[in-house]
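Asks: Next up is a structure, given as structure tokens.
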Amino acid sequence: MKNIIVTSLYSLLIAALFFSCKKEDMNYKDVNITAVKTLYSPVNNRSVKLLSSASASLYFEWEAVKAEDGGAASYEVVFDKTNGDFSNPLYKIVSDNNGFSSGATITHKILNRIAGLAGVAPGGTGEVKWTVLASRGINVAKSDQSAVLSITALQGFADLPDEVFVTGEGSETGNNLAQAMSFKLNAPGEFEIYTRLEAGKPYYFTDRNSGTPRIFYSDNGSSLKEATETGAITASKTGVYRINLDFNTATIAYTEITSIGIFFSPENKVLFNLPYQGKGIWRGTGVVTFRQESWGRDERYKFQMQTVSNGANVVAQLGTVTGTDSPPNASSPASYYYLRVLPNTSQWDDKWKFMPAVDGKSTTITVSMQGTAPYTHSVQVN
């Protein structure tokens, strides 16, 4: 026992001496880094007219720097007003490759936001300047170089709402703001709703369903505006519509939904329609008899939507989000039933399979496209 105690004490002493000797070596040392010396692109005084396309972008590039320890530097592009010194920049964005590239692809929508922060009015032209911060660890070096960029902004809003609601006498919920239907947020500044509008009665959009919200409307059916006090839109035709609002481009688009029905893939046709129930819900009851094939019963289905857009009749389909080639069962996740508007129409793509109990039975099918939940559907055998 005495030998064990002596050995343990000896080991502790050796460890203490080791860590004491290494303490200085283990202290963190800041790594010096050079500043970016050259900005390559966009060149000084470059002009850019922003586009509303989600893929539109501008590439920023600069000379790579060196860190004292030979490690890779990371970068941020910073923007300021032309009379600013970047001490309190308008906007920062990391470069490509999670900050380790000496270049940054910046979308026009982000540039539009920067222009708005600089005071450029929607659709107007103004200047900002940019430079690059290089960093390694906690050390940051700001480039001595900067370049001016002239931006012609989109017609959109600089202050994008986080939520949007439809309200007013012509909406499904009337003038009760607290009951206003919510839009679905598809992307920053981009909102969508499926709802019924009543002809001849005003409605408008808000960014909240309580208090004193911002009010948005359109006076031409295509441009979105913010009202200083009040503003409204009047539908020319009572009907169910998909309304798309893009605050990045200040645009509004309407698509009338004339019907949604069960599209049975084996017969390449709609079996029965689902009447609109209100608040983004369609529901119908009918009998689906599976098609007998040499290999078994074919139960594949999706939904078909008849629409009117810009005066033209357009057929669209609703299909799977997750993709499947099996019928559901009791343990199938809710996502099995999620749906989306498909980019193309077809007989077989992006379909579901009915559960076996549906075959030949009266079945109630519900499609739900509401702003507060994923778009989905349900199948209930009666």
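The values are calculated or read from the model by the stated rules, or taken from the named source; none is laboratory data. Predicted, not measured: the structure shown is a model, and the values here were computed from it. FYI the Cβ positions are ideal-geometry reconstructions off the backbone, even for glycines, and counts take in every protein chain you see. All accessible areas refer to the heavy atoms of the entire protein, side chains included, with ligands and DNA or RNA removed. Shrake-Rupley method; radii C 1.70, N 1.55, O 1.52, S 1.80 Å.
Asks: Need the failing condition index for V140 against (1) part of a loop (DSSP other than H, G, I, E, B); (2) surrounded by fewer than 20 Cβ atoms within 10 Å (Cβ to Cβ), just the number.
Replies: (1)
Asks: Out of the stretch 213-228, which residues are surrounded by 14 or more Cβ atoms within 10 Å (Cβ to Cβ), over 15 Å from D246 (Cβ atoms) and charged (D, E, K, R)?
Replies: Matches in the stretch 213-228: R214 only.
Asks: Looking at the stretch 259-268, is at least one residue charged (D, E, K, R) and open to solvent by 50 Å² or more (accessible area, probe 1.4 Å)?
Replies: Taking every residue of the stretch 259-268 in turn, at least one turns out to be charged (D, E, K, R) and open to solvent by 50 Å² or more (accessible area, probe 1.4 Å).
Asks: Any idea how many residues of the stretch 234-269 are at pLDDT 95 or above, among the aliphatic types (A, V, I, L, M) and closer than 17 Å to G170 by Cβ?
Replies: 4
Asks: Moving to a separate point now. In the stretch 143-164, how many are surrounded by 15 or more Cβ atoms within 10 Å (Cβ to Cβ), in a loop (DSSP other than H, G, I, E, B) and either polar (S, T, N, Q) or more than 21 Å from the chain's Cα centre (by Cα) (or both)?
Replies: Residues that pass the stated criteria total 4.
Asks: I've got another one for you. In the stretch 97-128, which residues are under 24 Å from V36 (Cβ atoms), open to solvent by 30 Å² or more (accessible area, probe 1.4 Å) and part of a strand (DSSP E or B)?
Replies: Those that are under 24 Å from V36 (Cβ atoms), open to solvent by 30 Å² or more (accessible area, probe 1.4 Å) and part of a strand (DSSP E or B): T105, T107, E127.
Asks: Would you say T234 is in a loop (DSSP other than H, G, I, E, B) and surrounded by fewer than 17 Cβ atoms within 10 Å (Cβ to Cβ)?
Replies: No: the conditions fail for T234.
Asks: Of the residues that sit in the stretch 237-277 and are among the polar types (S, T, N, Q) and assigned to a strand (DSSP E or B), which one is nearest to K302 (Cα to Cα)?
Replies: Within the stretch 237-277, the match that is nearest to K302 (Cα to Cα) is N273.
Asks: Return the pair list, or none, for Cβ contacts closer than 6 Å from residues in the stretch 357-382 that are free of Cβ contacts under 8 Å to residues at least 40 places away in the same chain to residues that are outside any strand (DSSP E or B) and of a type in the set (K, R), at least 6 apart or on different chains.
Replies: That search, which allows pairs on different chains as well, returns V381/K361.
Asks: Which strands (runs of 3 or more DSSP E) does the stretch 288-377 wholly contain that include 3 or more residues that are surrounded by 14 or more Cβ atoms within 10 Å (Cβ to Cβ) and in contact with a strand residue (DSSP E or B) (Cβ under 9 Å, 6 or more places away or on another chain)?
Replies: Because the criterion is at least 3 residues that are surrounded by 14 or more Cβ atoms within 10 Å (Cβ to Cβ) and in contact with a strand residue (DSSP E or B) (Cβ under 9 Å, 6 or more places away or on another chain), the strands (runs of 3 or more DSSP E) in the stretch 288-377 that meet it are 300-309, 312-320, 339-341, 362-368.
A quick yes/no check of all residues on (1) at pLDDT 95 or above; (2) touching a Phe, Trp or Tyr at 6+ places or on another chain (Cβ under 6 Å); (3) farther than 18 Å from A250 by Cα:
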| residue | (1), (2), (3) |
| --- | --- |
| D69 | no, no, yes |
| Y75 | yes, no, yes |
| K92 | yes, no, yes |
| A115 | no, no, no |
| G123 | no, no, no |
